[in-house]
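Q: There's a structure below that I have some questions on.
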Amino acid sequence: MSKVQITAFTGEYHFLSNYCACPVTIDGLTYRSAEAAFQAAKCNVPIDRVVFCTVPPNVAKAIGRKIKLRKGWEKERDSIMADVIHAKFSQNPALAQALIDTGDAELIEGNTWNDNYWGVCGCARCRSEGTKGLNKLGQILMAERKALMATHAAAVTEEAYRWYILATLRK
């Protein structure tokens, strides 16, 4: 039996996309999407991040491509993405539950725009070249899901324990 894969962050799985409209607050600034928060993190000067708070994800990405990257960006981008993803799901409980509800499915950020770092490009060129995407975003999402599941399990266990104590005290 093969493992279930979610290979596109569209439709019912759009919530997995960094383009999903949801508030994400980091360092006191609230962005309209995880993409905007991630692109803002590229800024050298923290005050420059404010512009990203009001723009949709596609505009944030376009701006992010043009700005001078902060020192150390290449080394820090994975941990920054993990922080953004954690903020997205910890601050939006319905999205957190939806992520948990993906169970043990492999999350693959499938795309056609040659992004083989954050995802896996399925365009004809990448397929013909045998390019294997790193799927860093999918890996980060699966790690966040695992952490959420552990937290959820601990909360359920704690709640069950409380009910047991209350029932015992009532006897």
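Q: Suppose we keep only residues that are of a type in the set (Phe, Trp, Tyr) and modelled with pLDDT of 90 or more within segment 114-171. Which one would you say is farthest from Ala34 (Cα to Cα)?
A: Among those residues, the one meeting the criterion is Tyr117.
Q: Within segment 99-115, count every residue that is surrounded by 14 or more Cβ atoms within 10 Å (Cβ to Cβ), free of Cβ contacts under 8 Å to residues at least 60 places away in the same chain and within 16 Å of Asn18 (Cα to Cα).
A: Result for segment 99-115: 2.
Q: When only residues in segment 2-22 that are of a type in the set (A, V, I, L, M) and under 24 Å from Gly133 (Cα atoms) count, which is surrounded by the most Cβ atoms within 10 Å (Cβ to Cβ)?
A: Leu16
Q: Looking at segment 134-143, which of its residues are closer than 14 Å to His86 by Cα and open to solvent by less than 20 Å² (accessible area, probe 1.4 Å)?
A: Leu137, Gly138, Leu141
Q: If you don't mind, there's one more thing I want to ask. Which members of segment 23-35 meet the condition of being open to solvent by less than 60 Å² (accessible area, probe 1.4 Å), out of contact with any Pro (no Cβ under 6 Å at 6 or more places or on another chain) and without any contact (Cβ under 8 Å) to a residue 60 or more places away in the chain?
A: Those that are open to solvent by less than 60 Å² (accessible area, probe 1.4 Å), out of contact with any Pro (no Cβ under 6 Å at 6 or more places or on another chain) and without any contact (Cβ under 8 Å) to a residue 60 or more places away in the chain: Leu29, Tyr31, Ala34.
Q: Here's a check for you: in segment 85-113, which residue that is part of a strand (DSSP E or B) and not small (Gly, Ala, Ser) is farthest from the chain's Cα centre (by Cα)?
A: Here the answer is Asn111.
Q: Among the residues of segment 116-133 satisfying the criterion of being buried (at least 18 other Cβ atoms within 10 Å of the Cβ) and hydrophobic (A, V, I, L, M, F, W, C), which is farthest from the chain's Cα centre (by Cα)?
A: It comes out as Cys126.
Q: Quick one: Leu16 ticks every box in (1) over 11 Å from the mean Cα position of the chain (by Cα); (2) on the phi < 0 side of the Ramachandran plot except a single one, so which number is it?
A: The single condition Leu16 does not satisfy is (1).
Q: Which of (1) open to solvent by 10 Å² or more (accessible area, probe 1.4 Å); (2) in a helix (DSSP H, G or I); (3) within 23 Å of Ile108 (Cβ to Cβ); (4) touching a strand residue (DSSP E or B) at 6+ places or on another chain (Cβ under 8 Å) does Lys61 not meet, given it meets every other one?
A: (4)
Q: Here's a follow-up. Of everything in segment 10-25, what is under 11 Å from Ala37 (Cα atoms) and either part of a helix (DSSP H, G or I) or in contact with an Asp or Glu (Cβ under 6 Å, 6 or more places away or on another chain) (or both)? Give them in sequence order.
A: If the condition is that a residue be under 11 Å from Ala37 (Cα atoms) and either part of a helix (DSSP H, G or I) or in contact with an Asp or Glu (Cβ under 6 Å, 6 or more places away or on another chain) (or both), then Asn18, Tyr19 are the ones that fit.
Q: Among the residues of segment 67-98, what is the count of those that are of a type in the set (Gly, Ala, Ser) and surrounded by 15 or more Cβ atoms within 10 Å (Cβ to Cβ)?
A: Number of matching residues: 5.
The values are calculated or read from the model by the stated rules, or taken from the named source; none is laboratory data. No experiment lies behind these values; they were computed from the predicted model shown. In this analysis, Cβ positions are derived from the backbone assuming ideal geometry, glycine residues included, and neighbour counts consider all displayed protein chains. Just so you know, the surface numbers come from the protein's heavy atoms only, side chains and all, with ligands and any DNA or RNA stripped out. Shrake-Rupley method; radii C 1.70, N 1.55, O 1.52, S 1.80 Å.
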